[in-house]
Each structure stands twice: as C-alpha cells, then as structure tokens.
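Worksheet: one structure, shown below.
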Amino acid sequence: MRWTNRDPRALAPLLPLVAGAAISALVALVVWLAVSLSPAAGGPGVRPSGGPAGSGASASAGAPPPSPAGSPAAIDPPGYAPAEPVIDGSFADPTVIKVAGTYFAYGTNNADATMPVATAPSPTGPWRQVPGDGLARLPAWATGGWTWAPEVVPPREGSRSYVLYFSARRKDGDEQCIGVATASGPAGPFVPQEGGPLVCPLELGGAIDPASYIEHDGTRYLLYKSDDRETAAIHLVRLSPDGLRLAGAPKQIMGRAADEPVLVEAPDLVRRGGKYVLLYSAGWYFKSDYQTRYAVASSIEGPYTKSGPVQSTALYGGKVEGPGSADVFGDETGDYLVFHGILDYRGGSKVTRGMYVARLGWDGARPAVRGVPVRYEAERGRLNGCVSVLARPNASGGSAVGPFAREGCRAEVPVFAPAAGRYAVLVRYANRSGRDSDLELAVNGYAATSVRLRATKGADWASVTASVELAAGWNTIGLRRLDGQGQVDYLELR
C-alpha cells in the first residue's frame, strides 16, 4: 500500500473522467455482444462470464490446469521477460481481469488516479494506462490519497455489474476500511455504495487488501487483512449472492508465523490440485525482504499449512526487489501471476512499485513462477552404475555426482517447468581431470545439446549454461558422458 498525502482526484479533471466513461461504454457494448453470441460457461472450475476475475474469484473460478507434457512451447512477445516490469511506473497492488479479448489491470492510487486502470491485448503487454480515473469518486466515509489494493470481479449469473472492492481511509480516524463499488463496464468509472464501509473492524485496526473468491457453487467470499500491526492476520467472510453485502461472520484463517518478516497481508485464494491455495505477502512493502508466500488447506476455512516463499528478492537473484501483492489470473493459455516490485526507493516508506506479469504453473497445489530460478541437486536424480553420489563438503547440498569417467555414464534429473517454452539450464560442475570434458544434455529422452566442462582447479566449482525447450510440468534432463570426466553439483532452471 502506497502512503501519500496527495488526493489524486484533484489531479483528474472532468474531461478524462468523461473519456474513461466513454471507453467503458464502448467496452461494455463489445462485451455484451461477445457474451450474447457465446455459450455461457458454468460448472466447477469455470470462471464467471466475461473472463477471469482478479484475486480469488479469478483463480477459483479457475484457469485451465497446467498444459500436459509434450504441449507446444508458449510464445511470448519480443522484449518480454518475467523479471522485467510490464508497467515501468507507479502501479502497485495490481489485479487483472480479461474482458472480450482485452486485459484490464487495476492498481493502488498514484499521481494520476484514485484507481488507475491499464489495458493490454495480452497478459504480457504492451500495457497502456486508460485516461481518467477508474473510481468516479470516494464514498462519503472516505478521504482521498489512501485508496489501495483494488479487486474487480466481472458480472456473473445474469448481472451486468462489475464489482470493485477497495481499501480507503475513513474520515473520522486513521484506519483503513473496505468499500464496494459497481460499474457497467470494466474501465469504470466505478460508483461506490454509500451508507458506510463493507468491512471496517476498528477493534483490529481496520482492514485492507480485499480479495474475492467464488466457490464452484457460486458462493462468494471476501478475504482481507486486519490492519493492526501487532495482530495483522488474514480473514475470510461470506458475501451475499451479488457480492455487495456481508452474509456471515468474519473468521481469521491465518496469522503471521515466527519465521516470517513483520506481518502478513495481500491474500489471494485459488483452488488447485484439489486444495485451497492461499497466496499472501509477508513483510513491509517498502523493504527488499517483502515476499510472496503460500499456504494450503483442504477446507476454505483452514487450517492452512504454510509452505514457504514463492517469490523474494533473493529467489530472483536481485532482479526483482520486494516482489509481492500477487494476484492469480488466467486465460485459455493457462495461469499468470501479476505482482508488484520496487523500482526505486525515495526515502522511508516512499517507494515506486511497478507491475510485473509471469506465467504460473502448478505441481498439484504447489505454485511455480516463471522467472524464479529453481535449483535441483544432482544427487537427487536417477543415477546409473558408473555415476554415483560423491561427498563434497563445498557442494551446495554437501554432495555431487560423478565422475562420468567412462562410456555410458549417465544421470537424469527431474525438473519442473511452470509453462512450456525455452529455458536456460545452468550446470554447476567441477572437472579436475586436467582437460576439458563434454556431456550430452537430453530432454525427456531426446538429445538437445551438449555442454563443455572446462578444466577446474582445486576445490573450485564452475558453471555452464545451455538453452532447452521444455514442456509444461515435469521434464527429465539427462546428462550423459561424451568424453572426459567431471562432477555435477546441481542444475538450476531459469
């Protein structure tokens, strides 16, 4: 959440607002025609009509499962990279939906709008900000400059309204509360419901980071974070069928663990691998240790078992700073993860956070993000007779495999690709034979390329990188001796 004392509404004159309304009207017409001429979707695992929703709803009403092994490689546009921002400017806490072939992103307030809106022809861009403001005005209970973490849910079950959940600061205190608004088109402008916030637990310091989740039977839920710094936790509450009112009592479903930085926030709930998967952020959004984690449960109310980080500055090797506030969305090609990262530090809690998009794969209920390097220890692979595990205290796992000393020596290491496409495979090795050696590198039983292990000295380790095509899901990378010998510490998929 970006803290600012500026009211961005003062920066949005009437003309851009009218332009935004005109864009919404045009898009609404296109959507109506598309929906009218298309068969209605329904049933478990199907998204609401109009395309995938943002957090929770988007994911639960589900993107397709991971592509099967052997599917064709995905093609991304030139210049796109999952560790590079698709919006290189202030666009924090993003959420994305797809409507009639166009992708819409919504973000935390910036200097241009209370709720900025951007559009693109594909998840990876190019993204362009829509003129005007996605939120027509704030409700009477809210004050400007603190409008964070929007969540937009497309129409469903005969409704023609897009529903927006947002965080805003109440006029009578310092607490954030959650409001709700509706619009006839995805670009807005969204008009807030009056009469008070939808969620405002003052005894818990308020509430932020709303995320929608819709069960396969249509039951709606809202997740949010209670905002007291000492007791920050993730809560779940059932909503009315139209999503505009509470229909039950809130329940805390997850708190901070001792090994997590500072606090937990930014929930996003999906159902994958027969489980409920709760993605969330941990830490301060303005520090580099801000990160995305996940937890898994068999019931929507938990208990949730935590499984560690999915994204962090360290996991990205410093290429993305403080990745978090992640949101799952999908289309016919599979799932994506949209999130923000820190682009620059401006002192204290003032940071600029841009928007990133990466392909997302699922190993059952375990998320895997394209662009996050993953290490696979060679000694955990399948080894034939002349390749064995060698104790090496200075290796990453304390062991390596080798020595690939004669014909037929082979090791096979299973690796998981989040999506089909071309990957870089880094091989960390040692070769103390005194001359260069060569290994064949095969993918799923077919020779793909070869790597040369240059001679190393003493306890030194070196690395070599090869480029390979992988299918979505599990693949087997084989290493076979061509000549010479050497030891392999690990493979790293990038």
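A short reminder: the numbers here are calculations on the coordinates, not readings from a lab. Here the structure is a predicted model, which is why all the values come from computation and not from measurement. No Cβ is skipped: glycine too gets one built from the backbone with ideal geometry, and neighbour counts run over all protein chains shown.
The table below lists the values:
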| read-out | value |
| --- | --- |
| Leading residue at positive end of dipole, the stretch 375-493 (Cβ point charges), from S463, G445, A391 | A391 |
| S299-D483 pseudo-label distance in nm [points 7 Å out on the Cα-to-Cβ vector] | 6.5 nm |
| Point-to-point label distance, A111-D172, nm (Cα→Cβ direction, 7 Å offset) | 3.6 nm |
| Eligible lysines near K251 by straight Cα distance, threshold 20 Å, same-chain separation 8 or greater | K225, K275, K306 |
| Net lengthening on full extension, Y446/R380 (0.36 nm per residue, minus Cα-Cα) | 21.7 nm |
| Stokes-Einstein D (µm²/s) once Rh is taken as the Kirkwood radius of the stretch 375-493 over alpha-carbon pairs, at 4 °C in 1.567 mPa s | 93 µm²/s |
| Inter-probe distance in nm under a simple model that places probes 7 Å from Cα toward Cβ, at E157 and D344 | 4.7 nm |
| Extension gain from S396 to V464, taking 0.36 nm per residue of separation minus the Cα-Cα distance | 22.9 nm |
| Calculated FRET value between T231 and E332, using beta carbons and R₀ = 30 Å, to 0.05 | 0.10 |
| Local net charge near R245, Cβ-Cβ under 11 Å (Lys/Arg +1, Asp/Glu -1) | +1 |
| L246/R137 FRET efficiency (R0 25 Å; Cβ-Cβ; nearest 0.05) | 0.60 |
| Cβ crowding within 10 Å averaged over residues, with 136-143, 372-379 ranked highest first | 372-379, 136-143 |
| Residue list for the stretch 458-494, given a label point 7 angstrom along the Cα-to-Cβ vector of R432 and an amide N cut-off under 15 Å | 458-462, 485-489 |
| Rounded, prolate or oblate (a/c below 1.5 giving rounded, otherwise prolate when a/b exceeds b/c) for the stretch 125-251 by Cα gyration tensor | oblate |
